[in-house]
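K.L.:
Let me give you the structure first, and then I'll get to my questions.
We did not get these values from a lab; they are worked out from the coordinates using the rules stated. Quick caveat: nothing in here was measured; it's all calculated off a predicted structure. FYI the Cβ positions are ideal-geometry reconstructions off the backbone, even for glycines, and counts take in every protein chain you see.
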Amino acid sequence: MDNDRIFEPYADGLVQPPYRSEKYASTGRMAPDNVHAIAPRTATELSGPIFAQSADEDRNLVSGKGGQAIGSLMRLKVRVLDEDARPQAGSFIEIWQANAAGKYQHPQDQRDAPIDPNFRSWGRGVVDANGEIDFITIRPGAYPVPNSGGWWRPPHIHLSAYGSTFSSHIITQLYFPGDPLNEIDGIFQGIPDPIARERLVLKPDADAGIPEAALGFRFDLVLRGRSQTPLEN
């Protein structure tokens, strides 16, 4: 680490979306009215969890008992970094997403769209010593937001990261470059700074893919600093 390196402060209120966003109407119902109370952190919040290495199949969302999932196959490589680009080994990563038809494998998704029996909507694992982990999945489909007047969510992947304690937990969403729905999405556009929004867009990378089988994408999850990843629930 370069101890002489100086970081300029970034403008508050530009990187992280506000609790209430005009572009994301339901935040008006869900956002708190009062300032958050800071609860005391006990040993439960500060002493765990300890994550074990997961099996390879926990990072493969596309291989069901009946064959391969429908959709554009891709490999997603995630890297967890601090503000000095140092890898954060041991971070526990979870992803979840819709299938190629924009349908979540969850009972709350009641939309009339097909469920792919060979696609599992979630994956998980612990990053390695380089702060990296990869997932085999498909590009998710877009889907309509109920009672929104025609709003469709663009293809996106949810990502959750845990650090060394239960209180070190962040959630965000990853978007695909060039998708026209990105420009009219109330959640993505809820991040005020366009440069910060771009930090949620996956980077195509042929080296991250599987030759003649799967597209490759990379994503850097930066935990703090001027290049901090915006958070989205």
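K.L.:
Somewhere in region 168-185, is a residue part of a loop (DSSP other than H, G, I, E, B), touching a helix residue (DSSP H, G or I) at 6+ places or on another chain (Cβ under 7 Å) and buried (at least 18 other Cβ atoms within 10 Å of the Cβ)?
P.N.:
In the first step, residues of region 168-185 are kept if they are part of a loop (DSSP other than H, G, I, E, B); the result is 168, 176-179, 185.
Then keep just the ones that are touching a helix residue (DSSP H, G or I) at 6+ places or on another chain (Cβ under 7 Å); that gives none.
For region 168-185, residues part of a loop (DSSP other than H, G, I, E, B), touching a helix residue (DSSP H, G or I) at 6+ places or on another chain (Cβ under 7 Å) and buried (at least 18 other Cβ atoms within 10 Å of the Cβ): absent.
K.L.:
Hey, could you check region 70-125 for residues that are of a type in the set (A, V, I, L, M, F, W, C) and over 20 Å from ILE136 (Cα atoms) and say which is surrounded by the most Cβ atoms within 10 Å (Cβ to Cβ)? Break it down into steps so the answer makes sense when it comes.
P.N.:
Step one: of region 70-125, the residues of a type in the set (A, V, I, L, M, F, W, C) are 70, 73-74, 76, 78, 80-81, 85, 89, 92-93, 95-96, 98, 100-101, 113, 115, 119, 122.
From what's left, over 20 Å from ILE136 (Cα atoms): 81, 85, 89, 113.
Working: LEU81: 20, ALA85: 12, ALA89: 13, ALA113: 17.
Among those residues, the one meeting the criterion is LEU81.
K.L.:
Which of the residues spanning region 172-204 are β-branched (Val, Ile, Thr) and over 15 Å from VAL222 (Cβ atoms)? If you could, list the steps in order and put the result at the bottom.
P.N.:
Our first condition is that a residue be β-branched (Val, Ile, Thr); within region 172-204, this holds for 172, 184, 187, 191, 195, 201.
Those that are β-branched (Val, Ile, Thr) and over 15 Å from VAL222 (Cβ atoms): ILE184, ILE187.
K.L.:
Filter region 126-137 for residues that are within 15 Å of the chain's Cα centre (by Cα) and not aliphatic (A, V, I, L, M); which is surrounded by the fewest Cβ atoms within 10 Å (Cβ to Cβ)?
P.N.:
GLU132
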